[in-house]
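Notes to accompany the following structure.
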Amino acid sequence: MLILNNNVKKCLTSPDKTNILSTSNRHGDNNIAMFGSIVPAGDSTLMLMLGDNRTYANLKENPDAALLVTLPGKTGMQTEGCRIYMKVKTVEDGGDTFDRLKAGIKEKVGDAAEMLKHLIHFEITDVRPIVDMGQGV
């Protein structure tokens with residue numbers, strides 16, 4: 001099990017971060033989408049709420065995903081953030097955690113949160129810097 005270090009946790013909890021999630025279906029057709037509702041859940045798990053969209057369809061066929069987290073400020077080869085590689089562990093379509101996270105999202109985005117139908121739990125399998133020159137994250 002991979003344990004997240006403090007640098008990665010800082011990226012994930014920054015209010016200014018941008019999260020870009022890449023998934024692919026069983027045929028390898030890719031999808032890239034931006035999400036704000038990615039939440040750390042312990043040292044080796046992330047949670048994400050999804051609607052019935054292409055990302056969710058891909059994850060049902062192929063549980064592997066990659067998340068690019070960027071922080072504002074520097075550009076180009078000095079961009080700060082990390083790459084997180086993940087695999088779906090479980091999917092919830094209701095329950096206490098589902099309801100709590102959806103309520104928190106609804107406070108931020110209002111009725112747009114009603115499209116959220118699934119809570120995905122990801123196991124983190126690897127973490128790398130955005131520009132990897134062997135320095136670690």
Quick one: which residue in Thr55, Thr45 is closer than 24 Å to Leu4 by Cβ, crowded, with 17+ Cβ neighbours inside 10 Å, touching a residue at least 24 places away in the same chain (Cβ under 8 Å) and touching a His at 6+ places or on another chain (Cβ under 9 Å)? Thr45
Quick one: would you say Ala113 is crowded, with 17+ Cβ neighbours inside 10 Å, of a type in the set (A, V, I, L, M) and more than 16 Å from the chain's Cα centre (by Cα)? yes
So, in region 5-33, how many residues would count as being closer than 15 Å to Pro72 by Cα and surrounded by fewer than 13 Cβ atoms within 10 Å (Cβ to Cβ)? 3
For Ile20, all conditions in the list (1) β-branched (Val, Ile, Thr); (2) under 12 Å from the mean Cα position of the chain (by Cα); (3) modelled with pLDDT under 95 hold save one; what is the number of the exception? (3)
Return yes when Leu12 is assigned to a helix (DSSP H, G or I) and of a type in the set (A, V, I, L, M) and no when it is not. yes
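Do we have Val137 as surrounded by 13 or more Cβ atoms within 10 Å (Cβ to Cβ) and either part of a helix (DSSP H, G or I) or modelled with pLDDT of 95 or more (or both) here? Give the derivation first.
On the way: surrounded by 13 or more Cβ atoms within 10 Å (Cβ to Cβ): yes; either part of a helix (DSSP H, G or I) or modelled with pLDDT of 95 or more (or both): no.
No.
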Those residues of region 19-42 which are more than 18 Å from Leu4 (Cα to Cα) and among the β-branched types (Val, Ile, Thr) amount to Ile20, Thr23, Ile32
Residue selected from region 58-82 under the condition at pLDDT 95 or above and more than 16 Å from Thr125 (Cβ to Cβ), by the criterion surrounded by the most Cβ atoms within 10 Å (Cβ to Cβ): Asn58
Any chance region 101-109 includes a residue that's among the small types (Gly, Ala, Ser) and either outside any helix (DSSP H, G or I) or surrounded by 15 or more Cβ atoms within 10 Å (Cβ to Cβ) (or both)? no
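The values are calculated or read from the model by the stated rules, or taken from the named source; none is laboratory data. Everything numeric in this text was worked out from a predicted model, so none of it was measured. For neighbour counting, all protein chains shown are included, and Cβ atoms are generated from backbone atoms with ideal geometry for every residue, glycine included.
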